[in-house]
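Working notes, beginning with the structure itself.
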Amino acid sequence: MSDVAINFEGVTKAFGNVRAVDEVSFQLPRGALVTLLGPSGCGKTTTLRLVAGLELPTGGRIEIEGRDVTGLSAAERRIAMVFQSYALFPHMNVLENVSYGLLVNGARKPSAEAEANAMLKTLGLEGLGQRLPSELSGGQQQRVAVARALVLRPKVLLFDEPLSNLDARLRRRVREDIRDLQRKLGLSVVYVTHDQQEALAVSDLVCVMRAGKIAQMGTPVELYDDPADAFIADFMGEANVLQGEVLAPGRIALGGIPLDVTMRPHPSGPAQIAVRPESILPQPEGAPGLPGRIQRAAFLGQTREYEVETAAGMLFVVTPAASLAFAMGEAVSCRLDRVIPLRDVKG
Amino acid sequence: MGALTLARAALLCATLGLFLAPWHGLQDGISEVTAWPGGSAAPLVALLLDGSRWWLWPVALLLALAAPALLRGRAGAGLAWIGAGLVLAVFGAGYAIGLNGLQWGWLAPLLGAPPAQPSLGWGAFLVLAGGIGLFAAGQAARGRFGADAFVAFLVCSCGFLLLLFVFLPLVNMLSAALYEDGRLAPAAFGARLVAPEAWSLACLSTHAGCGVVWNTLLLATLTAVISTLLGLAFALLAVRGGARGKVSAGAFRAMTILPLITPPFVVSLALIVLFGRTGIVTGFMWDWFDIPRSRWIYGLPGVLLAQVLAQAPIAFLLLDGALRAISPSLEEAASTMGARRMRVFCSVTWPLLKPALAASFLLAFVESLADFGNPLVLGGDFDVLSTRIFFAIAGARHDPGRAAALALLLLAITFGAFALQALWLGKRRYTTVTGKGDSGIPAALPAGLKLTCAAVAWPWMIFTAAVYGIILVGGFVHDIGRGDLSFTWRHLGTGFEVGWFDGPAFIGSAWDSLFTTIQVAAISAPLTAGLGILLAWLIARQNFPGRRGLEFMTMLSFAIPGTVVGVSYIMAFNVPPVELTGTALILVICFVFRNLPVGVRGGIAALAQIDKSLDEASATMGGGAFQTLRRVVLPLLRPAIVTALAYSFVTAMTAVSAVIFLVSARHNLATVYIVGRVEAGEMALAIAYSTVLIVIMLVTVLGIEKLVGRARLGRASAAAPPIRAGA
Ligand SMILES: Nc1ncnc2c1ncn2[C@@H]1O[C@H](COP(=O)(O)OP(=O)(O)O)[C@@H](O)[C@H]1O
Ligand SMILES: [Mg+2]
C-alpha cells in the first residue's frame, strides 16, 4: 500500500463563479497531521469537505490511501470528521451517538455498544454514556465528537476548527490531547484552523492557503524561518517587512545603512526584507546596527515590546524581559540577527 | 441505496405489472378479478399476445432491453432512457387511444383505427412505478442527485406525482377552456374570458347585478380590509392594552381556534338562524321595533359577515405575533426623544406593523376568493366566481368550457394577489427588529385609540360568541329556524341513530358520510404529512437539477382555489387513461395535494432549525440518505410531522370547495352532506351535524396540542411571510 494518505491532483471546486478551491495539489503522508491554515474565506473548509466527500470537486482527482474516491459520496469514503459545531445528534445520548456509525454500517447493537464504550473509555468519558449532548460541557462534547469519529477506525480523520468553540484555557490542553491521540493511533489527520500558533503547535506539516490556492506547504519551522513571500511571513507570526537591498550573501542595506546578517541565499539587488520582531536587539546608541529612536515601549511580563523609528521604517521589536530596558524617546542602535529576503510575488 | 438495487427492484415491479396485475382499471370493483387472466382483468402480456393492445409492445420491448445488463449486475446511465420511454409509452398510448378509439387524429397513419381503450389499472401503475425507478436509477448512475439512488427515486416519483395531480389538471383545464364542442376554438375562449357575465358593470346604472369578477373582487377586498382592521384592534388590545389586555388576550386566543375547526359554511347557517326572514333577531326586531322582515342577509352583507367571522381571528394571530416582535425599546427610544404617544404609534409602531398588515390582508383576500361554502349558502343572487364555476359544472347547463374560463379568471386574480405581495415585500424586507426578547415595557396605547379598539373588539367578540352559541344550541332544539327553542334529541337522532339488530346498526342518515369523512381524513393525513416532510427534506437538504421547479409545483397547489382544483380534477380524471372520479381515492388524492404545501412549509421551517452538519456527520459515518433520514432527520422533525398530521386531518374534515365536485353517492363527505341538508331546508339537522364535526375536531386539535405543545396549525402559519424576527 502507498504511503500517501491523501492525494489531491489539481482539484478545483467552483460555486458558480467563485473558485473556492482552485487547482490544488498536495499529498499527505500516512500518519502525519497536516493543518490547513489561512485567513477566513480562503477555502480551508471547502478543501476539507472535498476530502470528506461532502462536496464533489468540479475538476481534478482525489485519492485516499491509493483509492480514487473522486466521485464517491461521503458515506462511501471511510473517513471521519469532527465538525466545528461537533454536530452531535441532540436526540441521542452519548452512547447512541458514538455507536451510530457502527450501527449504520451494519454492526449488531450489543457489539456496537461494547466498542463505543471502549472508545469512550479511551477518551476518558466513561460514565457519561447515558447523558444527552446538551448535558455535557463544551470540552466533553468535543471529546464525544472525537470518540464518535474514531470508533469507525477511519483511514483519515478530519477536524474543522475543533477548538473554536472552547474557551481559551481549554484550547491548549485539547490541542495537545488531539496531537497525542494522533501520534498514539498513527492517524492521518487534516486539521483546519485560522490560528497560526495552533497550527505551529500541532502540525507535522502546515499548508497555508490563500484565495483558493496553496501559498506554501512545509514543516512549521520551514514556514516560520523560510516563508516564501510577505503574505506567509506575516501570516506565520509577526514580521517587519522592509524595503531594502541585498548587497552580497550575508550583507544587506536597510535605509541606506549596510548590515551584516544571517540570511538564506538571495540574488543581489533591491528586495523586500522581512525581519521577525525577536530577531532584533536594541542596543545603546553607538553600537553597530541600524540607528533609531524608541517611539513606544511596553513591559509584558515575559517580554518587552518596542516600536523603533529607523531610516528603514518603523520596526516592531520583542525582547526577553531580562534584556536591557530602554525608555521612550531614547536613541538606540538595532542589531539584526536574522533576516528573510522575500521572493517577488507575482499578482 | 445503490443504483443497481433500485434498478433491479424497479425491473421486478414493472415485470409484475406486465405479467400478473390486471392492466386496465376494474370498472365494477374487485369482483372482476375472477376473470383473470382474461377478460377485463387481463394483464398486459395477455393483451399483447391476443393482439388487442399491439401498440403497447414497446413496453415489453423496453423491459426486455433493460433486463440483461441488470441481471448481470450493471446499472448504466442508459436506464434513464428506458425508464422515460416506459412512462411515455404508457401515457402516450393512454391519451392517444381512449374510450372512443383514436383521440389524436394525427396518429391515424400509424395506429389506424384501434379499438376502445379503458383506463389504466394496477398493472399499468406497477409498470409506471418501475419506469420511474429505472429513470431514477439511470440518473443516479450518471452521478446526478449526489449519486444517491434513494434520493433520485424520491425526487423523480414526487415530481411525477406533482405533475400528474397538480400541473396536469391545470393544463387540462386550460385546454378545456380553449375547446368548444370538441374543437379548438380560440375565439370562444376569448369570448368567455371577456364575457359580460364576468365583467358587466350593469349594477352601477341599473338594478341588474354586476359581473362576477367585480363581485368577487369587491367581496374579497371588503373581507380583507375589515378582517385586518378587526384583527388589528384585537391585537392592539391584547398586546398593548395594559393589565386588562392579558384577559382579552386569553379570550381572543381561545377564539382563534374556532375558524380552524369549523367547516367554513357553518357560520352561514348560524347567520341565517339569527338574521334570516324567520330568524331570531329578525323576529325580535319585528316584534319590538316593527322593523319589517327581509332577506338582507342573503347576498353581499351575509357572505361578508360570514367571511369576516372566519378571517378576523386569523388576522389577529398574525398581527399579534408581529406586534409582540416589535421590541419595546424602539418605542421607548422614540418616547425618550420626546415624542408623544400618538406620534410614537404613528411613526414607529405602525410602519413596523405594515408587512404583517399586508400579509394578513393578502391571506384574508385569498381565502375570500377561495371560499365557496359561504357564498353557496348565503349568496342568494350575489354570485362570486367560485359559486359560478360550480354551477357551470353542476347546474342545469353543464358547460365545462365556461367553468374552465371562469376558473382561469379566479386563478389569475389569486396569482395576481400573490404577485403583488411578492413585489411589495421584495422592496421592504426589514426583519422586524432585534429578535431576542428584550426588556422594556410595551408602550401603552394612546387613550383614544384604545377606546376605539375596545369599542370595536368587544361587541364583535360578543357577536362571535352568539354565532357559535347558536351552532352549539341549534342542533338540540326543536326548530331554531323559527325560534322554537324547546330541547330535543330529535335532530341528532335523525342523523346519528344507532339501533341494535344482531349487533350495532348505524341507522342515522349521517353515519355513512361521517364514516367516509373520517376514513378519508385518516388516510390522507399521514400521506400528506409524509409526502410533505419528504418534499421539504428534498428541497431543503438535497441539491439536484429541477429543485426550484419541484418547490414551485408544491407551492402552486397552495395558491389554487379549491373550486378550481375541483373543476380541474373532474375534467382531468373523468376519462381514461387516469380515471378516478367516483372513487374514494380521488378524495384522498385531492386532500393530499391540496394540503401538501402546509406540510412542506412546516418541514422546511423545521429543517432550518436543524443544523445541516448533523446530516453531514451522519454521512461521514457511512449513513446513506435513507439511514440519515430515518435515524436523524425524522426523529428531529417529529413536532413538524405531528403538526402537519393534525392540520391535514382537520382540513380534510372541514373542506368543501374542491371535494363537492368529487364526491359520489357511495363516497359522500360530511361537509357536502351538510350543504345538501341546508339546500333541502333541514337546517336543524345541518347544525346538529356541524356540532358533531366541531366536537370531533376540537378533541383532535386539543389532543394534539397536548401532545406536542401549541401546534402551529392553520394556513396562516404557512402563508405568513417571515416577518417575525426570531420571536
Ligand atoms: N456552499 C457554498 N456556496 C457558495 N459559496 C461557497 C459555499 N461554500 C463556500 N463558499 C465560498 O467559498 C469560499 C471559501 O469558503 P470556505 O472554504 O468556507 O473558507 P474558510 O473555511 O477558509 O473560511 C468563500 O468565498 C465562500 O463564500
Ligand atoms: Mg471555515
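The values are calculated or read from the model by the stated rules, or taken from the named source; none is laboratory data. What you see is a predicted model; the values in this text were computed from it and never measured. Backbone-built Cβ (ideal geometry, glycine too); neighbour counts: all protein chains shown. Quick note on the areas: whole protein, heavy atoms, side chains included, nothing else; ligands and nucleic acids left out. Shrake-Rupley method; radii C 1.70, N 1.55, O 1.52, S 1.80 Å.
Summing both sides, how much accessible area is buried between B and A? Use a 1.4 Å probe and give Å² to the nearest 100.
For chain B against chain A, roughly 1700 Å² becomes buried.
Any chance you could check the Cα centroid distance between the stretch B:69-96 and the stretch B:248-287 for me, in angstrom?
With the stretch B:69-96 and the stretch B:248-287 each reduced to a Cα centre, they are spaced 57 Å.
What is the Cα centroid distance between the stretch A:163-197 and the stretch B:511-567, reported in whole angstrom?
That distance is 48 Å.
Where only protein heavy atoms count, and the probe is 1.4 Å, what is the accessible area per residue for the stretch B:3-142 in Å²?
For the stretch B:3-142, the per-residue accessible area is 47 Å².
Using 7 Å Cα-to-Cβ label points, what is the residue B:30/residue A:169 separation (nm, one decimal)?
Going by the 7 Å Cα→Cβ label model, 7.2 nm.
Going by a ≥ b ≥ c, the root eigenvalues of the Cα gyration tensor, does the stretch A:15-108 fall in the rounded group (a/c under 1.5), the prolate group (a/b larger than b/c) or the oblate group?
Prolate shape, in that a/c is at least 1.5 and a/b is the bigger ratio.
For residue A:332, which sequence-distant residues (separation of 5 or more, or a different chain) have an amide H within less than 5 Å of its own amide H, given hydrogens modelled in the peptide plane?
Residues meeting the criterion, in which the H sits 1.01 Å from N, are A:292, A:293, A:294.
Mind checking which of A:333, A:85, A:323 has the largest fluctuation in a GNM of chain A, springs on alpha carbons under 10 Å?
Among A:333, A:85, A:323, the largest GNM mean-square fluctuation belongs to A:323.
Just list whichever of A:121/A:213; A:109/A:184; B:354/B:612 have alpha carbons separated by over 30 Å in the model shown. All intermediate terms of the calculation are to be shown ahead of the outcome.
Numbers: A:121/A:213 40 Å; A:109/A:184 28 Å; B:354/B:612 33 Å.
Going by Cα-Cα distance, A:121/A:213; B:354/B:612 fall outside the 30 Å limit.
Could you state the angle between the C-alpha long axis of helix B:350-370 and the longest principal axis of the C-alpha atoms of chain B, as a value from 0 to 90 degrees rounded to the nearest 10?
Computed tilt is about 60 degrees.
For the stretch A:116-176, which GluC sites (Glu not before Pro) are both in a DSSP coil and crowded by at most 11 other Cβ atoms within 10 Å? Before the final figure, lay out the partial values.
Values: sites: A:126, A:135, A:176; in loops: A:126.
Sites meeting the loop and neighbour criteria: A:126.
222 nm [θ] for chain B, helices only, -39500 (n - 2.57) per DSSP H run of 4+, per residue, to 500? Working shown, then result.
Numbers: 34 runs with 479 residues, N = 727.
It comes out at -21500 deg cm²/dmol, rounded to the nearest 500.
Under 10 Å, Cα contacts only: if you run a Gaussian network model on chain A, which one of A:166, A:50, A:300 comes out with the highest mean-square fluctuation?
Highest fluctuation among the options: A:300.
Counting only other residues whose beta carbon sits under 15 Å from that of residue B:382, what net charge do I get with K and R as +1, D and E as -1?
Taking every other residue near residue B:382 into account, the sum is -2.
Would you calculate the separation in nanometres between label points at residue B:61 and residue B:288, each defined as 7 Å from the Cα along the Cα-to-beta-carbon direction?
Result for the modelled spin labels: 8.4 nm.
If r is the Cβ-Cβ distance from residue B:104 to residue B:574 and R0 is 22 Å, what FRET efficiency results, to the nearest 0.05?
On the way: r = 18 Å, r/R0 = 0.84.
That pair, residue B:104 with residue B:574, gives E of 0.75.
Determine the share of the stretch B:511-708's accessible area contributed by carbon and sulfur atoms, expressed in whole percent, with a 1.4 angstrom probe.
That share works out to 63 percent.
Which residues make up the longest stretch of chain B that has no chymotrypsin sites (Phe, Trp or Tyr not before Pro) in a DSSP loop with at most 16 other Cβ atoms within 10 Å?
Between exposed loop sites, the widest span is B:502-727.
If you roll a 1.4 angstrom probe over the protein chains with everything in place, what fraction of the accessible area of the stretch A:4-230 belongs to carbon and sulfur, to the nearest %?
Numbers: 4370 of 9240 Å².
Using a 1.4 Å probe with all protein chains present, the stretch A:4-230 comes out at 47 percent carbon and sulfur.
In the calculated pair distance distribution of chain B, what percentage of Cα-Cα distances lie above 42 Å? Intermediate results must be reported in sequence, preceding the final value.
Values: 93789 of 263901 pairs.
Here the long-distance tail beyond 42 Å is 36 percent of all Cα pairs in chain B.
Stretch residue B:702-residue B:502 to full length: gain in nm at 0.36 nm per residue minus the Cα-Cα span?
Full-extension gain reported as 68.4 nm.
Tell me, what is the 1.4 Å probe accessible area of residue A:171, in Å² to the nearest 10?
Spelled out: residue A:171, probe radius 1.4 Å, area about 80 Å².
For chain A, just the Cα set please: Rg and Dmax, both in angstrom.
24.4, 79
Work out, in µm²/s and without decimals, the Stokes-Einstein translational diffusion coefficient of the protein assembly as shown at 20 °C, 1.002 mPa s, Rh from Kirkwood over C-alpha pairs.
On the way: Rh = 34.9 Å.
In µm²/s, the coefficient rounds to 61.
Just report the Cα centroid separation between the stretch A:104-118 and the stretch B:148-225, whole Å.
Using only Cα atoms, the two centres lie 58 Å from each other.
May I ask for log10 I(q)/I(0) of the stretch B:434-585 at q = 0.09, 0.18, 0.21 Å⁻¹, from a Debye sum over the Cα atoms as equal point scatterers with solvent left out?
Normalising to I(0) and taking log10 leaves -0.74, -1.16, -1.31.
Going by a 1.4 Å probe on protein heavy atoms, which residues of the stretch A:87-101 end up with at least 20 Å² less accessible surface in the whole assembly than in their chain alone?
When all protein chains are present, A:87, A:89, A:90, A:91, A:100 each give up 20 Å² or more of accessible surface.
Give me the percent of accessible area attributable to carbon and sulfur for the stretch A:231-341, probe 1.4 angstrom. Could you put the intermediate results ahead of the total?
On the way: 2900 of 5240 Å².
Looking at the stretch A:231-341 in its full context, I get 55 percent from C and S.
When the accessible area of each residue in the stretch B:623-668 is compared between its chain alone and the complete protein assembly (1.4 Å probe; ligands, DNA and RNA ignored), which residues differ by at least 50 Å², being lower in the assembly?
Correct list: B:631.
How many percent of all Cα-Cα pairs in the stretch B:511-708 sit more than 31 Å apart?
27
I need to check one value: relative contact order of chain B, counting alpha carbon pairs closer than 8 Å and at least 6 residues apart, in percent.
Computed over chain B, the figure is 16 percent.
Excluding ligands, DNA and RNA, what is the solvent-accessible area per residue of chain A at a probe of 1.4 Å, expressed in Å²?
Roughly 45 Å² per residue, with all protein chains present.
Specify the residue with the greatest mean-square fluctuation among A:199, A:52, A:87, computed from a Gaussian network of chain A linking alpha-carbon atoms under 10 Å apart.
Result: A:87 has the largest fluctuation of those listed.
Quickly estimate the mean residue ellipticity at 222 nm for chain A, helices only: each DSSP H run with n ≥ 4 gives -39500 (n - 2.57), and the total goes over all residues, rounded to 500.
It comes out at -7000 deg cm²/dmol, rounded to the nearest 500.
At 15 Å minimum axial length over the Cα atoms and a Kyte-Doolittle cut of -0.5, report the qualifying DSSP H helices in chain A, or say none. Could you put the intermediate results ahead of the total?
Details: long enough: A:94-104 (16 Å, 1.32); A:109-122 (20 Å, -0.61); A:138-150 (18 Å, -0.21); A:168-185 (26 Å, -1.53).
The qualifying helices are A:94-104, A:138-150.
Rounded to the nearest 5, what % of DSSP beta bridges with both residues in the protein assembly as shown are antiparallel? Could the numbers behind the result be given before it?
Working: 72 of 91 bridges.
Bridges in the protein assembly as shown that DSSP calls antiparallel: roughly 80 percent.
Can you list the residues of the stretch A:44-75 whose accessible area drops by at least 50 Å² going from the chain on its own to the full set of protein chains, with a 1.4 Å probe?
The answer is A:75.
Write down the accessible area per residue of the stretch B:151-269 in Å², having rolled a 1.4 Å probe over the full set of protein chains.
Details: 4960 Å² over 119 residues.
With all protein chains present, the stretch B:151-269 gives 42 Å² per residue.
Working from the pairwise distances between different alpha carbons, so that the mean of 1/r is found and then inverted, what is the stretch A:231-341's Kirkwood radius in Å? Each step should come with its number before you reach the end.
On the way: mean 1/r = 0.0712 Å⁻¹.
When all Cα pairs of the stretch A:231-341 are included, the Kirkwood radius is 14.0 Å.
log10 I(q)/I(0), Debye, Cα-only the stretch B:3-142, no solvent, q = 0.15, 0.17, 0.22 Å⁻¹?
The calculated log intensity ratios at q = 0.15, 0.17, 0.22 Å⁻¹ are -0.72, -0.88, -1.23.
Skipping prolines and chain starts, which residues have an amide H placed within reach, meaning under 5 Å, of the one on residue B:210, given they are 5 or more residues away or on another chain?
Under 5 Å from the amide H of residue B:210 lie the amide H atoms of B:203, each far enough along the sequence or on another chain.
Report, in degrees rounded to the nearest 10, the 0 to 90 angle that the Cα long axis of helix B:385-394 makes with the longest principal axis of chain B.
It works out to around 50 degrees.
For helix B:168-178, what angle does its Cα long axis make with the longest principal axis of chain B, in degrees from 0 to 90 and rounded to 10?
On a 0 to 90 degree scale, this one is about 80.
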